[in-house]
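The values are calculated or read from the model by the stated rules, or taken from the named source; none is laboratory data. If you're wondering where the values come from, they're calculated on a predicted model, not measured in any experiment. Cβ: placed from backbone, ideal geometry, glycine included. Neighbour counts: every protein chain shown.
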Amino acid sequence: MITFGPLDLASPAEAEKWISDGVAAAGGIDILYNNAGGARFGMFGQLSTEDWAFTLHNEVDLVFYATQAAWPHLIARGGGVVINTGSSVAVHGNPNMGFAAHAASKGAIMAFTRQLAAEGAKHNIRANTVSPGPIKTPATALIPPGPTERIRAAIPLGRWGEVEDVAYCALYLASDEARWVTGADFVIDGGGGVAGL
């Protein structure tokens, strides 16, 4: 494993350098997994224009920058895979959380991914999204116990997701076992969409 950080993928120049350095180090690129991002939250009536702009820049623009930098390398390689991170909130919203900017940005990512799949098909490039629901991460560990338990109780499978639950889906999409899967969105949320979470 080779690391190139720290870097700011919301900078077109840094995203381009990150891809170029990776291609040089590995001799090419087969898979781009866009999993970086940054969001600010607030109920819609209180959401500032600065937080809206920050979220879209750090959840949409940075995916565009990295993917555009990788695209010619994937074409030259004869194909590859782009996996973008969506969110279950882009599929069914959440009345109790301030996700307007996050939902909008992840909805944009899902649409962007379908367009990548359409344009990439002739180059043997597949593109899909993985849309996680509530996942245990250092960031979600900061949520107070009360809301954490309410979220868990609303998930039909009865627990928060683990990062491995998302990784297994991404691993499948990156593999040849998913060679006929493109333009799809995989919601990994323990059935939260069924419960209206």
## Note on the structure
Considering residues that are in contact with an Asp or Glu (Cβ under 8 Å, 6 or more places away or on another chain) and of a type outside the set (A, V, I, L, M), the number found within segment 107-160 is 8
#### Entry: Residue count, segment 95-121 (criterion: among the charged types (D, E, K, R) and closer than 30 Å to Arg150 by Cβ)
1
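Every residue, every condition in (1) among the β-branched types (Val, Ile, Thr); (2) under 22 Å from Thr137 (Cα atoms), yes or no:
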| site | (1), (2) |
| --- | --- |
| Gly5 | no, yes |
| Lys17 | no, no |
| Gly22 | no, no |
| Leu32 | no, yes |
| Arg40 | no, yes |
| Phe54 | no, yes |
| Val60 | yes, yes |
### Query
Which members of segment 178-188 meet the condition of being over 14 Å from the mean Cα position of the chain (by Cα) and farther than 11 Å from Ile83 by Cα?
Ala178, Arg179, Trp180, Val181
### Query
Quick one: would you say Ala66 is out of contact with any strand residue (DSSP E or B) (no Cβ under 8 Å at 6 or more places or on another chain), over 19 Å from Ile155 (Cα atoms) and at pLDDT 95 or above?
no
### Message
Please list, ordered by residue number, the helices (runs of 4 or more DSSP H) wholly in segment 1-87 having 1 or more residues that are surrounded by 17 or more Cβ atoms within 10 Å (Cβ to Cβ), among the aliphatic types (A, V, I, L, M) and touching a residue at least 60 places away in the same chain (Cβ under 8 Å).
### Response
none
### Task
Go through segment 36-60 and count every residue that is under 30 Å from Arg179 (Cβ atoms), modelled with pLDDT of 95 or more and of a type outside the set (Val, Ile, Thr).
1
